[in-house]
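Working notes for the structure below.
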Amino acid sequence: MPDLLAHLNPEQLAAVTLPNESALILAGAGSGKTRVLITRIAWLIEGRQASPSGILGVTFTNKAAKEMLTRLTTLLPINTRGMWIGTFHGLCNRLLRTHYREAGLPQAFQILDTADQLSSIKRLLKGLNVDEEKYPPKNLQYFINNAKEEALRPDQVEANDAFNRRFVELYAAYEAQCQREGVVDFAELLLRSYELLTRDVALRQHYQARFSHILVDEFQDTNRLQYAWLKLLAGAHNSIFAVGDDDQSIYAFRGANVGNMRDFEREFHVRHLIKLEQNYRSHGHILDAANILIANNSKRLGKDLRTDAGYGEPVRVYEAATDTQEAGWLVEEMRALINQGVSRLDIAVLYRSNAQSRVVEHALVAAGIAYKVYGGLRFFERQEVKHALAYLRLIDNPTDDTAFMRVVNFPTRGIGARSLEQLSDLARAHNCPLASAVAYVTGKAGSSLGQFLHLIERIRAETRLMNLPDLVRHLVQASGLAAHYQNEREGQDRLENLEELVNAASAFISEEGFRRDAPARVLPMDAGATAAPAVADAGADMVDAVLDAAAPGATTLVAAMTPLAGFLSHASLEAGDNQAQAGQDAVQLMTIHAAKGLEFTAVFVTGLEEGLFPHENSAAEADGLEEERRLMYVAITRAKERLYLSFAQSRMLHGQTRYNVRSRFFDELPEGALKWLTAKVEAGARWGGRSDNAGWGKDWFARGGVAAAPVPAALPSYVERNRAAEAGFRVGQAVFHTKFGEGTVTGLEGSGADARAQVNFKRHGQKWLALSVAKLQLIE
Ligand code: ATP
Ligand code: MG
């Protein structure tokens, strides 16, 4: 026992050893929150206050969940098998896999990722002849996910006007389509398991009795439904140990609700609110930068961070003429760090949006520095990998229409759009899956479609007894994908990725503890069926035994499912973080969102330009700006010893050259902590963050160089050049904003670049938005 607690400071020790009551640990970045949470789990188990199966641990990313399990096993020689530690989505998936019948799902239900969901919605709209201009698929997707996160089914959504009623109808049609196809989207995973636990008293009581200790990391980023889900599992008797940092709340745009912290304190009668103020991660200059920046936010619960580490190196700031030059500089600095002995794994490049990685990647390739991109076009999102996964899904579940549509004519089999439309119509008319509707299609189209089905059935039969990697290998050949990419001019990379998919399948099997020779598709035992009565009859231990037997060694996600189903869930849920070169000594590239909770010796935060960071969609109103600032706080606090901040005067993004000025965040950082590597130019009027097609930027840029001339006074404003965009705004007008959803204009003021609208959003209340940046859409 002393070993476990030896390296904790008094506040951390108090937190780890709190009695079994709900508690909130509210503390800044790098103060040891995650460490406290993991140590507490070990302490509870070691002191026999909880069994490993009595712990429910929730983290934010798959990477964090894995890390938690690894760190636990280094603290305690326990078997983490059967422990419920994972992300909300991963845990809900596990619950639904075990109780698919009670949840009204087919055993082989598939998970739609965000892109799959969008294509499913597009297919729906097409089938119903809905005008996509009027009802953009993305808006519908947002509407549906929002409703689900509020735990609202279509019949519970309030709709006061025709436009909204149509959205609700489409939501209902989408649900019917998903149910028919046996698929669930991310939000559905959560809502379905929430409803299951609400409805099924025996099941709820079983899990309440099982999870005596619920521990949640990154609590500030839970949304309302996640919070309600936790509450349900806690019941009247269990405690929740929540750790979080309001200054790191960066998912409000997805419905995360910092208010959960206050609700939690009140509803769970939290008597123990512990603050940790000692930072163990960052050197002094870095911490000063973080503290002073975040002090610009007004909505804070308030806390301080100090360090004993000394000031260390100043934060280095670099202004580049172009994004390419910025990347070149970055590579040089990186080389110097590597020469000084810093491991590549300990160097991170962070950026606000994924699209920014390309230039950096290019420079790294040229310099021969190994790197790994997290997020972005993740491995499992690459076209060829998604094609192969779609075949796998069809083999597992023939009613999966999204998968069917993806590969029915890939590689091409002469099945045209016309035939597919006809097929969709027939499926709708007969209310059956596309695969079943093939029987109704006549003529040449009918026979081509029949051949496709025959192919799927053949592969299904051929692979019946194969293990998962063999199945994947066979499928890549038999589907025709391998031959297709062999003939494609740039198909080599794609072929390699398909080979990598076979490796991913092998890795998955060994990581999740499935027997290597277990057939991919026959359940080790019918765990779902056994588990359900067990809940009613025999109670917790038996369910645990069933889960463990179903997937020996199962860690985060998979229990009671076949290797193939497990692998497909993994592919949908996985953030792509253990693929290809896992463990290789490579520089880490990721968005700031993906870097949450992580730490590195050296961190480069790039693209610090107005419009990019803070992002133009957020900078228009105070809440958005505060969220961007929290994001910057997260970025800074990832660094232990070295922090580099850079920006470029011009940047190619989305096929356009943008001319930008440096981020306002530079004005909010303490000069004393910074070291400018390029001459610091005092910003005149700030004018950045717009795309330029008009040509003036080029002149300005030509005069610029690194230390650019002051901004020309008479820049044509973006809004003036796009006056039409403003047209149509009037008080009472219904509008849609990608982040805040629907609202009504309640006031207008200013003109040209200063035009602002006051909008009352249904979900987010009253806000002032600058029309030049807010991208409000008019709705009828
Ligand atoms: P974040 O808010 O970024 O998630 P956190 O509060 O979860 O940060 P941790 O990741 O748990 O912080 O800890 C930050 C670093 O400090 C880790 O490297 C951790 O091992 C180290 N650390 C935490 N507490 C101590 C301690 N008492 N003594 C030495 N090192 C510590
Ligand atoms: Mg943490």
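The values are calculated or read from the model by the stated rules, or taken from the named source; none is laboratory data. These numbers were taken from a predicted model, which means no experiment stands behind them. Quick reminder, even Gly has a Cβ in these numbers, built from the backbone with ideal geometry, and neighbours come from all protein chains shown.
Does Lys126 fit the bill of being surrounded by fewer than 16 Cβ atoms within 10 Å (Cβ to Cβ) and within 22 Å of Thr402 (Cα to Cα)?
Against the criterion (surrounded by fewer than 16 Cβ atoms within 10 Å (Cβ to Cβ) and within 22 Å of Thr402 (Cα to Cα)), Lys126 qualifies.
Of the numbered criteria (1) modelled with pLDDT under 95; (2) over 17 Å from the mean Cα position of the chain (by Cα); (3) under 20 Å from Ile121 (Cβ atoms), the one Asp161 fails is (3). Of the residues examined, Tyr318 is not one that is surrounded by fewer than 17 Cβ atoms within 10 Å (Cβ to Cβ), of a type in the set (Phe, Trp, Tyr) and not assigned by TED's automatic domain parsing to the domain that holds Ala15. Confirm whether Gln248 is more than 16 Å from ligand 2 (Cβ to nearest atom) and buried (at least 19 other Cβ atoms within 10 Å of the Cβ). Taking the combined requirement at face value, the residue does not satisfy it. Scanning the stretch 354-375 finds no residues that are among the hydrophobic types (A, V, I, L, M, F, W, C), touching a Ser or Thr at 6+ places or on another chain (Cβ under 9 Å) and free of Cβ contacts under 8 Å to residues at least 24 places away in the same chain.
With a requirement of 3 or more residues that are buried (at least 18 other Cβ atoms within 10 Å of the Cβ) and within 16 Å of ligand 2 (Cβ to nearest atom), the helices (runs of 4 or more DSSP H) lying completely within the stretch 1-82 that satisfy it span 10-16, 33-46, 62-75.
Residues in the stretch 171-192 include none that are on the phi > 0 side of the Ramachandran plot, within 16 Å of ligand 2 (Cβ to nearest atom) and either in contact (Cβ under 8 Å) with a residue 60 or more places away in the chain or not assigned by TED's automatic domain parsing to the domain that holds Ala435 (or both). Comparison of Asp288, Asp245 shows that the only residue that is acidic (Asp, Glu), within 21 Å of the chain's Cα centre (by Cα) and under 30 Å from Glu641 (Cα atoms) is Asp245. In this structure, Val36 does not satisfy being within 14 Å of ligand 1 (Cβ to nearest atom) and touching a Phe, Trp or Tyr at 6+ places or on another chain (Cβ under 6 Å). Counting only strands (runs of 3 or more DSSP E) that fall entirely inside the stretch 244-355 and contain at least 2 residues that are farther than 23 Å from Thr591 by Cβ, the qualifying elements are 272-276. Exactly one residue out of Leu170, Leu203 is among the hydrophobic types (A, V, I, L, M, F, W, C), assigned to a helix (DSSP H, G or I), away from ligand 1 (no atom under 16 Å from the Cβ) and in contact with a Phe, Trp or Tyr (Cβ under 8 Å, 6 or more places away or on another chain), and it is Leu170. Considering only residues in the stretch 510-527 that are assigned to a helix (DSSP H, G or I) and surrounded by 21 or more Cβ atoms within 10 Å (Cβ to Cβ), the one that is modelled with the lowest pLDDT turns out to be Ala527.
When each of Lys680, Lys675 is tested for being touching a strand residue (DSSP E or B) at 6+ places or on another chain (Cβ under 8 Å), more than 16 Å from ligand 2 (Cβ to nearest atom), at negative phi and assigned to a loop (DSSP other than H, G, I, E, B), the lone residue that passes is Lys680. Of all residues in the stretch 97-108, none satisfies being within 16 Å of ligand 2 (Cβ to nearest atom) and either in contact with a strand residue (DSSP E or B) (Cβ under 8 Å, 6 or more places away or on another chain) or assigned to a loop (DSSP other than H, G, I, E, B) (or both). State which residue is nearest to ligand 2 (Cβ to nearest atom) when the search covers only the stretch 625-652 and only residues that are hydroxyl-bearing (Ser, Thr, Tyr) and either part of a strand (DSSP E or B) or over 19 Å from Asn291 (Cβ atoms) (or both). The residue in question is Tyr644.
Looking only at residues of the stretch 423-451 that are farther than 17 Å from Glu181 by Cβ and β-branched (Val, Ile, Thr), we find that the one that is nearest to the chain's Cα centre (by Cα) is Val441.
Residue by residue, here is whether (1) modelled with pLDDT under 90; (2) of a type in the set (Phe, Trp, Tyr); (3) touching a Ser or Thr at 6+ places or on another chain (Cβ under 7 Å) holds:
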site	(1), (2), (3)
Thr87	no, no, yes
Asn93	no, no, yes
Thr98	no, no, no
Pro106	yes, no, no
Asp113	yes, no, yes
Leu128	no, no, no
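Out of (1) within 30 Å of Gly28 (Cβ to Cβ); (2) surrounded by fewer than 21 Cβ atoms within 10 Å (Cβ to Cβ); (3) within 23 Å of the chain's Cα centre (by Cα), what's the single condition that is false for Val216? Just one mismatch for Val216, condition (2). The test for being at pLDDT 90 or above and closer than 30 Å to Gly310 by Cα holds for Ala289. Quick check on my filter: what residues within the stretch 252-283 are within 14 Å of ligand 1 (Cβ to nearest atom) and either among the hydroxyl-bearing types (Ser, Thr, Tyr) or closer than 30 Å to Ala602 by Cβ (or both)? Lys275, Leu276, Glu277, Gln278, Asn279, Tyr280, Arg281, Ser282, His283, listed by residue number.
Regarding Leu8, is this residue over 31 Å from the mean Cα position of the chain (by Cα), near ligand 1 (Cβ under 9 Å from one of its atoms) and in contact (Cβ under 8 Å) with a residue 24 or more places away in the chain?
yes
Screening the candidates Arg48, Arg71, Arg97, Arg81 for the property of being over 20 Å from the mean Cα position of the chain (by Cα) and either within 25 Å of Asp246 (Cβ to Cβ) or within 16 Å of ligand 1 (Cβ to nearest atom) (or both) yields one hit, Arg71. Could you check, for the stretch 288-295, whether at least one of its residues is of a type outside the set (A, V, I, L, M, F, W, C), in the same structural domain as Leu625 (by TED's automatic domain parsing) and buried (at least 19 other Cβ atoms within 10 Å of the Cβ)? Yes.
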